[in-house]
Amino acid sequence: MQKFYQKAGVQAAIVAGIFSVIVAGMYILHHRSQLKEDNENLLHEKEEQATEIQRLETQLTPFRTIALEKYALPEAEALRKLADQIGTLQAADSQKTQAIIQLKDELNQTKILAEPCKLILKSKSVEKVEDGYRLLLNFVPTKNEQFGFLDFTAVLPYNSSSKIIKIWPIGFMSNDSRKVSADGKSARLRYCLIGSVSPTIGILVSEPTRIQISGNNGLETFEVEIM
């Protein structure tokens, strides 16, 4: 005859009970661990809050002293009046700062207006033609002012096999003077533009090359690839 605890059903119940106890124990242990971690986090947050409060109190101390010396009022009201005064001063300082910025902008605009009118390159184009390659350069002034004489110089690299064939102005002009060197490595154009049309010049070269352009009226020297 089998003993009570040796029966299969009883053994299964015992195993199930033991498993349930183990699971419950693991849950309790995990829960206790989580509670411990949460408590530690809350404690850390409280410590941080206390530290921050202490820091703010330290920063507030000189303002509290000034407020109590300046106003014969309870501490909270004295601090409020001091804060109102500081806000008024900040608004006035902001207005002064804006006024300074505006004056600087006006000064910069005045400096720009006082600067001499300069010539800058607006566009360029290259076209293959029967005699070679034609370069057109269009310039614009930095201000709506008339120029006197316009003076342009074109120079090819010393090792270039190309030559400058001619240089000419486009538009209405007077006192036109053009000169190409004997070796075709440099050319100069000088003329006076009539009217307010933007200056445009043409340069014809025999072969693809780089060319350096310089001039008067504040024009910065630059290079163009002709090909």
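The values are calculated or read from the model by the stated rules, or taken from the named source; none is laboratory data. Just so we're clear, the structure is a prediction, and the values are computed from it rather than from any experiment. Because the Cβ atoms are built from the backbone with ideal geometry, glycine has one as well, and the counts that use them run over all protein chains shown.
Within the stretch 77-106, the set of residues being over 29 Å from PHE63 (Cα atoms) and either of a type in the set (Ser, Thr, Tyr) or at pLDDT below 80 (or both) is empty. Among the conditions (1) farther than 30 Å from THR221 by Cα; (2) surrounded by fewer than 12 Cβ atoms within 10 Å (Cβ to Cβ), LYS111 misses just one, which is (1).
Any residue that is within 38 Å of the chain's Cα centre (by Cα), in the same structural domain as SER125 (by TED's automatic domain parsing) and either more than 19 Å from SER123 (Cα to Cα) or in contact (Cβ under 8 Å) with a residue 40 or more places away in the chain (or both) - is there at least one of those in the stretch 177-197? Looking for residues that are within 38 Å of the chain's Cα centre (by Cα), in the same structural domain as SER125 (by TED's automatic domain parsing) and either more than 19 Å from SER123 (Cα to Cα) or in contact (Cβ under 8 Å) with a residue 40 or more places away in the chain (or both), one finds at least one in the stretch 177-197, hence yes. The single residue among SER206, SER181, SER198 that is modelled with pLDDT under 95 and either surrounded by fewer than 17 Cβ atoms within 10 Å (Cβ to Cβ) or out of contact with any strand residue (DSSP E or B) (no Cβ under 9 Å at 6 or more places or on another chain) (or both) turns out to be SER198.
Any idea how many residues of the stretch 61-77 are part of a helix (DSSP H, G or I), without any contact (Cβ under 8 Å) to a residue 12 or more places away in the chain and surrounded by 12 or more Cβ atoms within 10 Å (Cβ to Cβ)? Result for the stretch 61-77: 1.
Quick grid of which residues meet (1) closer than 27 Å to ILE194 by Cβ; (2) among the aromatic types (Phe, Trp, Tyr); (3) in contact with a helix residue (DSSP H, G or I) (Cβ under 6 Å, 6 or more places away or on another chain):
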{"residue": "LEU107", "(1), (2), (3)": "no, no, no"}
{"residue": "CYS117", "(1), (2), (3)": "yes, no, no"}
{"residue": "LEU121", "(1), (2), (3)": "yes, no, no"}
{"residue": "TYR133", "(1), (2), (3)": "no, yes, no"}
{"residue": "LEU136", "(1), (2), (3)": "yes, no, no"}
{"residue": "THR142", "(1), (2), (3)": "yes, no, no"}
